[in-house]
Number of protein chains: 2
Amino acid sequence: MTTISMHAASVPAFARMLGNMLNWLEAAKAHAEAKKFSTDVYLTLRLAPDMLPFTKQIQIASDAAKGCVARLAGQENPSYPDNEASLDELAERIRKTRDFVLSIPAAAFDGSETREITIPRRSGDPLKFEGLAYLQHFALPNFYFHATTTYALLRHAGVPLGKSDYLGA
Amino acid sequence: MTTISMHAASVPAFARMLGNMLNWLEAAKAHAEAKKFSTDVYLTLRLAPDMLPFTKQIQIASDAAKGCVARLAGQENPSYPDNEASLDELAERIRKTRDFVLSIPAAAFDGSETREITIPRRSGDPLKFEGLAYLQHFALPNFYFHATTTYALLRHAGVPLGKSDYLGA
């Protein structure tokens, strides 16, 4: 049976979508300029009153990507202070996350499909997974959840984006 | 270098999330009963006027899952007529999709990471990918896009769901 590496199953997916997200923020900026509103308007948008706002969606997408890569590769997970207060600072957060994700050598992922991964939770016992289940049932769906919600908030705000912007070139 | 199979990188992700989606539809049904509105109300909800409605989000998530598995495994992609007209019929579509995804033997995915995958488009040349890039940059993000949008529409409609319902148990 031929197979793929855990690095190949994770890093390119995160890196590609983070790059797409940067393009959405560019489009959001151009839209705000054309319509003459402040890009700060985006930061607090929510899809429902009890869903997290735009800024948080991007911060959590970043955390999902860097946390997954760090945990699978057994590297330190860099801590970012979640203090972004503008669209430009959110773009910088995404760029920094992508740089980190791409910085980890593929060899560090060796054996990570069975590595025990522990995720602390605010309440209750930590979640425990084997590496592959963690990537597949937690990290990737969670990352895409927050990427898609970011995209949906921009679409809701009228930013001219389409599925090809979501998926990237 | 230890590795994972293309089957392991695809089928469990689709099957798990399709199961989660069935649970969301159950919650949507209970919410409509409690609030005394018809479940048909959900079917036409949209996040933006130029985004596709709820019914279509589920149909496309189904197409993304079954199409990916069929193409990677070199099996016939079953054609579903997109005629679901109720929440129950959408649940049946999801169930049927999950059954199909789980029905393909793991061995059929052998070598699919480099298999040439061709996706027809409504206009322009078909998209061509190698199997792994197709799974990673097209099929999975597209599937999660439509799953997340389905979830977001239900949240927008007040259905009591949270991230643990999105990710599943």
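Per-structure values
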quantity	calculated
Å² of accessible area per residue within the range B:18-167, as computed with a 1.4 Å probe and no ligands counted	44
Overall form of the range B:1-102 per C-alpha gyration tensor (a/c, 1.5; a/b vs b/c)	prolate
Nearest-10 value in Å² for the accessible area of residue B:35, using the 1.4 Å probe	130
Shielding by other protein chains, A:45-52, mean Cβ within 10 Å	4
DSSP-assigned coil residues among trypsin sites (Lys or Arg not before Pro) in the range A:85-168, each with at most 13 further Cβ atoms within 10 Å	A:121, A:122
Loop-resident sites, the range B:1-92, for GluC sites (Glu not before Pro), counting at most 16 other Cβ within 10 Å (DSSP)	B:76
Number of partner chain Cβ atoms within 10 Å, mean per residue of B:127-140	3
Charge-dipole axis of the range B:18-167 as Lys and Arg at +1 and Asp and Glu at -1 on Cβ define it, positive-most pick from B:94, B:120, B:106	B:94
Given charges at beta-carbon only (K, R positive; D, E negative), |dipole| of the range A:1-92 in Debye	320
Carbon/sulfur fraction of accessible area - the range B:18-167, other protein chains in place, 1.4 Å, %	51
A versus B: buried accessible surface, summed, Å² (probe 1.4 Å, to nearest 100)	3600
The protein assembly as shown: C-alpha gyration tensor shape, a/c 1.5 cut-off, then a/b vs b/c	rounded
For the range B:18-167, the spread of Cα positions along each principal axis, largest first, Å	51, 34, 29
Cross-link pairs beyond the 22 Å C-alpha cut-off, checked among A:56/B:35; B:66/B:128; A:66/B:163	A:56/B:35
Average beta-carbon neighbours from other chains, 10 Å sphere, peptide A:148-159	4
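The values are calculated or read from the model by the stated rules, or taken from the named source; none is laboratory data. Because the structure is predicted, anything quoted here is derived from the model rather than measured. All Cβ positions, glycine included, derive from the backbone under ideal geometry; neighbour counts span all protein chains shown. Note: accessible area is taken over every heavy atom of the protein model, side chains too, but ligands, DNA and RNA are not part of it. Shrake-Rupley method; radii C 1.70, N 1.55, O 1.52, S 1.80 Å.
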